[in-house]
Amino acid sequence: MNCHAAETLRKYLIEKRLNPEFVKYTSAELADVLRKCYLGARSVKGEQYKTSTLDNLRHGLNIYLKAPPHNKLVDILLIQLTKTSKLP
């Protein structure tokens, strides 16, 4: 599932003519691109993904980025929460 989530994001980035090497993005860049991806991602049929599918995508990407060989310290679940929350 984790590799599937990564491949889904790569395909989206390529479709939008963005750099598909999202593992090299900064936390801010990753949060921005993920926000756009969640809003614009569509299934093969052209339909919006269900909320549960997007949640699975987020969790899969989070695990993918934290696992070897990437070993990112970033937690996409937290960076998205803090970007959208009104915390100081």
Search result, residues across the stretch 1-58 that are surrounded by 11 or more Cβ atoms within 10 Å (Cβ to Cβ), aliphatic (A, V, I, L, M) and assigned to a loop (DSSP other than H, G, I, E, B): Met1, Leu18, Ala41
Test: residue in the stretch 65-81 that is of a type outside the set (D, E, K, R), out of contact with any Pro (no Cβ under 8 Å at 6 or more places or on another chain), at pLDDT 90 or above and part of a helix (DSSP H, G or I): yes
Every residue from the stretch 14-62 that is within 17 Å of His4 (Cα to Cα), touching a residue at least 24 places away in the same chain (Cβ under 8 Å) and among the polar types (S, T, N, Q): Asn56
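The values are calculated or read from the model by the stated rules, or taken from the named source; none is laboratory data. This is a predicted model, so every value here is computed, not measured. For neighbour counting, all protein chains shown are included, and Cβ atoms are generated from backbone atoms with ideal geometry for every residue, glycine included.
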